[in-house]
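Have a look at the structure below, then the notes.
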Amino acid sequence: APSNPAIQAAIDLTAGAAGGTACVLTGQPFDTMKVKMQTFPDLYRGLTDCCLRTYSQVGFRGFYKGTSPALIANIAENSVLFMCYGFCQQVVRKVVGLDRQAKLSDLQNAAAGSFASAFAALVLCPTELVKCRLQTMYEMETSGKIAASQNTVWSVVKEIFRKDGPLGFYHGLSSTLLREVPGYFFFFGGYELSRSFFASGRSKDELGPIPLMLSGGFGGICLWLAVYPVDCIKSRIQVLSMTGKQTGLIRTFLSIVKNEGGYRLSESRLYDVSFVQPKTCLSGVHYVGILKLGLREGITALYSGLKPTMIRAFPANGALFLAYEYSRKLMMSQLEAC
């Protein structure tokens, strides 16, 4: 490793940018489906329905809405993430009393990744806000929540700035932090555990592209399974704050659980008392049964769009780590050759 921390930071930053680019180019259509299904769970019957309707409404380009802010978001996030990951690894080494060159355990790497993600969230939140709004602009306009407008990055940025000023770009910051910090513990933990499994005693640096991609994919799945409901709340806050009425983290969570549950209840099973025993419509037991069903149906709304996220997680995060590890290795070898 380079003795100069600034050179090491520049290498990590550049490799992180390469990883972020690979991640977006691989997984953008699935990310668009995820955000649409999270924000409007009652509009689509599932992933296939969401894909077909998006294609019929806005064509193939509908799948790539928000790609430019997604690229900026991922390049910014992963540059900062991997640069800070290098710094946080050194902090962890100091805390546990290890030498600067010592290898960290999988758990220690996971902790370093978790710390690093807090810094990455600060650059990710504004760009992800613009991306999410662009991805759901069609649904927001057709549902009458906002007036029809230009669907460009610049028009969304101007509107945020006009309505809320610079702090408007940080709608959903608390939910972003709540997703990133625990999420990246599982992300880096899953990635490092998987690499250890494939290395089976050898050096992790000797792993080929297939084990690296599989390890990255496994890390991505660990992340999303751990924090998906928080991501759903974040998407709601960032998209629905366009109307100027969206509440914070706790209230958004409660409104999803209550309103989505109430909606599904009134749509399908309000008069179906067969799921409650005893079958006395006026009994307190029946009322409690309805409340429980509403809560259960509301909780499922927090997992809207999980399928496209899981499908995207493997190739996108596999591509991210493959690009990161190989570009980092290339730059390190070039530096040593000088």
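The values are calculated or read from the model by the stated rules, or taken from the named source; none is laboratory data. Keep in mind that what you see is a predicted model, and the values were worked out from it rather than measured. Please note: Cβ atoms are built from the backbone with ideal geometry, for glycine as well, and neighbour counts cover all protein chains shown. Just so you know, the surface numbers come from the protein's heavy atoms only, side chains and all, with ligands and any DNA or RNA stripped out. Shrake-Rupley method; radii C 1.70, N 1.55, O 1.52, S 1.80 Å.
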Being within 21 Å of ASP205 (Cβ to Cβ) and among the charged types (D, E, K, R) narrows it down to one of ASP12, ASP42, ASP49, ASP31, so name that one. ASP12
Tally the residues that are in a helix (DSSP H, G or I), open to solvent by less than 40 Å² (accessible area, probe 1.4 Å) and either at positive phi or not hydrophobic (A, V, I, L, M, F, W, C) (or both), restricting the search to the stretch 302-335. 8
Quick one: in the stretch 171-201, which of the residues that are within 16 Å of the chain's Cα centre (by Cα) and open to solvent by 80 Å² or more (accessible area, probe 1.4 Å) is farthest from ASP231 (Cα to Cα)? PHE186
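Quick check on my filter: what residues within the stretch 95-145 are among the acidic types (Asp, Glu) and part of a loop (DSSP other than H, G, I, E, B)?
ASP99
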Checklist (1) surrounded by fewer than 21 Cβ atoms within 10 Å (Cβ to Cβ); (2) basic (Lys, Arg); (3) out of contact with any Lys or Arg (no Cβ under 7 Å at 6 or more places or on another chain) applied to ARG100, failing item: (3)
Within the stretch 213-232, identify whether any single residue is out of contact with any helix residue (DSSP H, G or I) (no Cβ under 9 Å at 6 or more places or on another chain) and open to solvent by 30 Å² or more (accessible area, probe 1.4 Å), and answer yes or no. no
Quick check on my filter: what residues within the stretch 55-82 are open to solvent by 50 Å² or more (accessible area, probe 1.4 Å), among the hydrophobic types (A, V, I, L, M, F, W, C) and either on the phi > 0 side of the Ramachandran plot or touching a helix residue (DSSP H, G or I) at 6+ places or on another chain (Cβ under 6 Å) (or both)? ILE72, ILE75
Please work out which residue is nearest to GLY20 (Cα to Cα), limiting yourself to the stretch 40-83 and to residues that are of a type outside the set (Lys, Arg), free of Cβ contacts under 8 Å to residues at least 12 places away in the same chain and not in a loop (DSSP other than H, G, I, E, B). PHE60
Could you tell me whether GLU141 is open to solvent by less than 50 Å² (accessible area, probe 1.4 Å), acidic (Asp, Glu) and over 29 Å from GLN89 (Cα atoms)? yes
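Can you find a residue in the stretch 154-162 that is closer than 19 Å to GLY248 by Cβ and modelled with pLDDT under 90? Reasoning before the result, please.
Of the residues in the stretch 154-162, the ones closer than 19 Å to GLY248 by Cβ are 160.
Within this subset, residues satisfying the condition of being modelled with pLDDT under 90 are 160.
Scanning the stretch 154-162, I find at least one residue that is closer than 19 Å to GLY248 by Cβ and modelled with pLDDT under 90, so the answer is yes.
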For the stretch 108-118, indicate whether the set of residues that are modelled with pLDDT under 90, open to solvent by 30 Å² or more (accessible area, probe 1.4 Å) and out of contact with any Asp or Glu (no Cβ under 7 Å at 6 or more places or on another chain) is non-empty. no
